[in-house]
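To start, the structure itself, in structure tokens.
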Amino acid sequence: MRNLAIDAERLWGELMETAAIGGTQKGGICRLTLTDLDREVRDWFKAKAEALGCRVTVDDMGTMFARRPGTADVPPIAFGSHLDTQPTGGKFDGALGVLAALEALCTLHEAGYETYAPIEVVNWTNEEGSRFAPAMVGSGVFARVFTRDEAHAKQDRSGVTFGAALDAIGYRGAEPCGAHPLSAFFELHIEQGPILEAQQRDIGVVTGVQAMRWYEVTITGQDAHTGATPMNLRKNALLGAARVIERVDGIGRAAAPFGVGTVGLIENKPNSRNVVPGEVFLCADLRHPDDDMLDTMERRFEIAVADACDGLGLGVTMQKIWHQPALRFDPDCVASVRAAAELSGYSTRDMVSGAGHDAAYVSRVAPASMIFVPCRGGISHNEVEFTSKEQCAKGAQVLLQAVLDYDRKLAERGRATKNG
Ligand code: GLV
Ligand code: MN
Ligand code: MN
């Protein structure tokens, strides 16, 4: 069989073209989920896929599926990622996975290559969880981890619901989310960490994803005049938050090198120069590849919050809003990724993902796995995030070959069932 090759220039061109939708001055992208910019990139994706002869369907979480038919009547092999970004996101987180899948599909189309299973490119809604928490809510509903109604009721920080935002951009589709069986799912992504670059490997064969939990904490003190309120009479919620932030960092450091702990969002009220802060809202993110170790980190965190607030006479409410256990990807899908990298002669390394990904939720309802490519300095969730044209192309080539390898396995199984 002729070795199909993706077009590196075309892929790079499309990455740069779509990066202009929400492009920032510092060279990144700000394309929050379910905004007008998200609609614009979705419209772009739909038009491209339809030009390749695909049928594009949308589910009632806004997730988009672009299908190229196969020869057999079996569920599609899907591949893709997400087109939403962080507020100061880079050009590759998510976009690479969707556009590389589109490029792979285009390669099949141009070669007139017939697959056994239909092939689908997927754009999952709200992977980032930046505007609507938690992250990966489109794939989460797809995998029945959250209900659709629960997800639609989520509010952004200005009170707009997910459902209203979906309607506002016209992407609430007719298909019930989850009513869409897949034979398998593959996701290409930048590593978002430093390992592949440091070890000069082309491809990360991702065997699993670490466990992660998010917490929302509201600390309540008392607004007071900064000039007239003696130090011993204050109930400074921001000081309590500062102590929590320090302790979360310490919890991560104590669990190094695998554990990590971060407070990444904080809202201080009333946020005025001459008011002792009366209320702070903050979000903490704890992760570890081992669920038991994450339990220990969680207990330390609960103690840290209580210590910080009790010591300052502050009130506190705390809620765990997200919990994703550690997971291992499907061995057959992982084997297809490995075989695909070997076929192309690329160097590899097995790894566990530190970031969350849609493939993690999808793996609960379909065999799934991921491919990583290096990114410069391991930097991501940052406008300077960078992966070279060659690295993107290698990832896309492995993605295409992994899907074809899995398709051959499906076809063999299909024939064996027929003959047996
Ligand atoms: C998603 O990007 C996450 O890992 O939080
Ligand atoms: Mn991502
Ligand atoms: Mn991200």
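The values are calculated or read from the model by the stated rules, or taken from the named source; none is laboratory data. Predicted, not measured: the structure shown is a model, and the values here were computed from it. When we count neighbours, we look across all protein chains shown, and the Cβ atoms used for this are built from the backbone with ideal geometry, even at glycine. Accessible surface areas use protein heavy atoms only, side chains included; no ligands, DNA or RNA. Shrake-Rupley method; radii C 1.70, N 1.55, O 1.52, S 1.80 Å.
Residues that are out of contact with any Cys (no Cβ under 8 Å at 6 or more places or on another chain) and within 15 Å of ligand 3 (Cβ to nearest atom) within the range 58-85 comprise Gly80, Ser81, His82, Leu83, Asp84, listed in sequence order. Scanning the range 45-72 for residues that are more than 12 Å from Phe142 (Cα to Cα) and of a type in the set (D, E, K, R) returns Lys46, Lys48, Glu50, Arg55, Arg67, Arg68. For the range 81-102, a residue qualifies if it is under 23 Å from Leu265 (Cβ atoms) and aliphatic (A, V, I, L, M), and exactly one does: Leu83. In this entry, Val373 passes the filter for residues that are in contact with a Cys (Cβ under 9 Å, 6 or more places away or on another chain) and modelled with pLDDT of 95 or more. Restricted to the range 346-362, and to residues there that are over 20 Å from Thr63 (Cβ atoms) and of a type in the set (A, V, I, L, M), the residue that is surrounded by the fewest Cβ atoms within 10 Å (Cβ to Cβ) is Val352. Residue count for the range 182-194, restricted to those that are farther than 16 Å from Phe386 by Cβ and not in a strand (DSSP E or B): 2.
Does the range 328-345 contain any residue that is crowded, with 18+ Cβ neighbours inside 10 Å, within 16 Å of ligand 3 (Cβ to nearest atom) and modelled with pLDDT of 95 or more? For the range 328-345, residues crowded, with 18+ Cβ neighbours inside 10 Å, within 16 Å of ligand 3 (Cβ to nearest atom) and modelled with pLDDT of 95 or more: absent. Would a scan of the range 222-238 turn up a residue that is open to solvent by 10 Å² or more (accessible area, probe 1.4 Å), under 25 Å from His189 (Cα atoms) and out of contact with any Phe, Trp or Tyr (no Cβ under 8 Å at 6 or more places or on another chain)? No, the range 222-238 has no match at all.
For the range 48-73, a residue qualifies if it is surrounded by fewer than 18 Cβ atoms within 10 Å (Cβ to Cβ) and farther than 22 Å from Gly112 by Cβ, and exactly one does: Thr57. The set of residues from the range 92-115 being surrounded by fewer than 24 Cβ atoms within 10 Å (Cβ to Cβ), in contact with a strand residue (DSSP E or B) (Cβ under 9 Å, 6 or more places away or on another chain) and assigned to a loop (DSSP other than H, G, I, E, B) comprises just one member, Thr115.
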